1. Mind checking the per residue accessible area of the chain for me, 1.4 Å probe, whole number of Å²?
2. Would you pull out the residues with amide H under 5 Å of residue 3's amide H, same chain only if 5 or more places away, H placed 1.01 Å from N?
3. Please report the projected area of the stretch 1-83's Cα convex hull averaged over all directions, in nm².
4. Per the 1.4 Å probe, what fraction of the accessible area of the chain, in percent, lies on carbon and sulfur atoms?
5. In terms of modelled amide H atoms, which long-range or inter-chain residues lie less than 5 Å from the amide H of residue 29?
6. Send over the Kirkwood Rh of the chain, from the inverse of the averaged 1/r over different Cα pairs, rounded to one decimal Å.
7. Enumerate the calculated ³J(HN,Hα) couplings along the stretch 61-71 in order (Karplus 6.51 cos²θ - 1.76 cosθ + 1.60, θ = phi - 60°), each rounded to whole Hz, writing x wherever the residue is Gly or Pro.
8. I'd like the distance separating the alpha-carbon centroids of the stretch 60-138 and the stretch 1-47, in whole Å.
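The values are calculated or read from the model by the stated rules, or taken from the named source; none is laboratory data. Since we're looking at a predicted model, the values are computed, not measured. Calculation scope for accessible area: heavy atoms of the full protein, side chains included, ligands and nucleic acids excluded. Shrake-Rupley method; radii C 1.70, N 1.55, O 1.52, S 1.80 Å.
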Amino acid sequence: MDHSFKCNCASEEVSITLKNEILPPETLLAVYCPKCSKGVEFNPATMVKDNGWILEYEMDIATLLSAGMPSEHKKNLSPELIFDEDYCSWRGVYPGDHTDSIKEREQILALAKVDPKRYLSEMKSWANSRMEKLKQQGWRKASDRVAV
């Protein structure tokens, strides 16, 4: 299920995914875009940074509703774990990725019907180079991806 949130200054809207709906949307207290995050005092107990963005979580709600998580996650519950394990994180690798990646893939998808082998090769190449580019840009979720 897709959940949309506006950043604190209301200049950006992001799509958030909640893995298996274990945590409710209320877990996310605030989203700060690179513009509005400049004045925010970062609290590592409740916040996670991602390439200029900050997500702030209501950790009491997350702790209370963590029963559906693996025991290792419950024991080590933190803003980083919530974000990195997709319990409450971007839909995709970065804000807007869910729409950008579809546009980028459309060109390659045309090959599927005419040259399936080339399609698979191009798709792998695109995915790997795209993740490398996003990793270089500093996106958290691109850092832990394994090449295909």
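1. Details: 8620 Å² over 148 residues.
With all protein chains present, the chain gives 58 Å² per residue.
2. Here the answer is 16, since their amide H atoms fall under 5 Å of that of residue 3.
3. One quarter of the hull surface, i.e. the mean projection, equals 5.2 nm².
4. Numbers: 4360 of 8620 Å².
That share works out to 51 percent.
5. 56, 57, 58
6. Details: mean 1/r = 0.0601 Å⁻¹.
Radius from the Kirkwood sum: 16.6 Å.
7. Per-residue couplings from phi come out as 5, 4, 5, 4, 9, 7, 4, x, 8, x, 4 Hz.
8. Each part's Cα centre sits 17 Å from the other's.
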